[in-house]
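Nothing in this text is a laboratory measurement; each read-out follows from the coordinates by a stated rule. All values derive from a computational prediction rather than experimental measurement. Positions of Cβ are generated from backbone atoms using ideal geometry, with glycine treated the same way; all protein chains shown enter the neighbour counts.
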Amino acid sequence: MSKLIINKVEKGFKDHPVLNDISFHIETGELLGVFGRNGSGKSTLLKILFGTLKADLFDGLVDSKKYNPSKNIDSKIIAYLPQDNFLPYDIKVRNVVPLCFQDEDVLDKIFFDPRIAKIEDQRIGTLSHGERRYLELLMISRLPQKFILLDEPFSMIEPLYQSAIKDLLMKIKQDKGIIITDHYYFDVLQITDRNLLIKDGNMISIRDKRDLTKNGYIPQ
């Protein structure tokens, strides 16, 4: 079991503070939901944790060892799936997966997935948003990193694949720690172990939908 502890994160842009006093923890085997209104800093936090954006102040540990995202971006600690699709549109599924993986066992586990078997002869650009997102999640789950950051995996996904993605995430979290941000709060609350809300630059613990309402994230 691995544990990621974030003692403090601060980040601002020019004279506008975004993240003031962010602290939390997550272990492998957990799925942590992070909510927040647009502009609250959700994506900013994920980019800082991954290392593509530098924080003004960062204090974190992985398994009791200091973690510096900007220096550890190439390490096997954290993987990141951003909102935007990253796979090239003009390549077939069966050809794009081996570009990322050479291990035969990993390739078999991806291609033997029933949903992938149905689309392996299609070009990435012809897939539905749900099919493409499912493929991306399945691929990132086969990376060696113990922690995965997901930015809006349910956004604009058809209901059939919302359900498939939730099932997949429950399998992935058996040996990985997953942080997920998404406005589809109902879907997130169904699968997460714990939830947090970023409000006014701070973290607030969320137990259920009532806490989201109380803190002004969703209407009464």
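Can you spot a residue in segment 53-63 that is among the aromatic types (Phe, Trp, Tyr), in contact (Cβ under 8 Å) with a residue 60 or more places away in the chain, within 30 Å of Arg194 (Cβ to Cβ) and surrounded by 13 or more Cβ atoms within 10 Å (Cβ to Cβ)?
no
How many residues does segment 200-216 contain that are in a loop (DSSP other than H, G, I, E, B) and on the phi < 0 side of the Ramachandran plot?
3
Going through segment 109-141 one residue at a time, which ones are more than 13 Å from Lys92 (Cα to Cα), in contact with a Phe, Trp or Tyr (Cβ under 9 Å, 6 or more places away or on another chain) and polar (S, T, N, Q)?
Across segment 109-141, the qualifying residue is only Ser128.
Going through segment 175-199 one residue at a time, which ones are among the charged types (D, E, K, R), surrounded by 13 or more Cβ atoms within 10 Å (Cβ to Cβ), in a loop (DSSP other than H, G, I, E, B) and out of contact with any helix residue (DSSP H, G or I) (no Cβ under 6 Å at 6 or more places or on another chain)?
Those that are among the charged types (D, E, K, R), surrounded by 13 or more Cβ atoms within 10 Å (Cβ to Cβ), in a loop (DSSP other than H, G, I, E, B) and out of contact with any helix residue (DSSP H, G or I) (no Cβ under 6 Å at 6 or more places or on another chain): Lys176, Asp193.
Within segment 120-160, take every residue that is crowded, with 20+ Cβ neighbours inside 10 Å, over 20 Å from Asp175 (Cα atoms) and β-branched (Val, Ile, Thr) and give me the one that is farthest from the chain's Cα centre (by Cα).
The qualifying residue farthest from the chain's Cα centre (by Cα) is Ile124.
Go through segment 2-29 and count every residue that is among the aromatic types (Phe, Trp, Tyr) and surrounded by 15 or more Cβ atoms within 10 Å (Cβ to Cβ).
Residues in segment 2-29 being among the aromatic types (Phe, Trp, Tyr) and surrounded by 15 or more Cβ atoms within 10 Å (Cβ to Cβ): 1 in total.
When Pro219 is evaluated against the numbered criteria (1) in contact with a helix residue (DSSP H, G or I) (Cβ under 8 Å, 6 or more places away or on another chain); (2) touching a residue at least 60 places away in the same chain (Cβ under 8 Å); (3) in a loop (DSSP other than H, G, I, E, B); (4) surrounded by fewer than 20 Cβ atoms within 10 Å (Cβ to Cβ), which criterion, by number, is the only one it fails?
Only one criterion in (1) in contact with a helix residue (DSSP H, G or I) (Cβ under 8 Å, 6 or more places away or on another chain); (2) touching a residue at least 60 places away in the same chain (Cβ under 8 Å); (3) in a loop (DSSP other than H, G, I, E, B); (4) surrounded by fewer than 20 Cβ atoms within 10 Å (Cβ to Cβ) is unmet by Pro219, namely (2).
Select from segment 103-151 the residues that are among the hydrophobic types (A, V, I, L, M, F, W, C), closer than 21 Å to Lys47 by Cβ and outside any loop (DSSP other than H, G, I, E, B) and list them in ascending order.
Result: Leu137, Met139, Ile140, Phe147, Ile148, Leu149, Leu150.
Run Phe154 past the list (1) assigned to a loop (DSSP other than H, G, I, E, B); (2) hydrophobic (A, V, I, L, M, F, W, C); (3) over 28 Å from Ser2 (Cβ atoms) and report the number of the one that doesn't hold.
Of everything listed in (1) assigned to a loop (DSSP other than H, G, I, E, B); (2) hydrophobic (A, V, I, L, M, F, W, C); (3) over 28 Å from Ser2 (Cβ atoms), Phe154 misses just condition (3).
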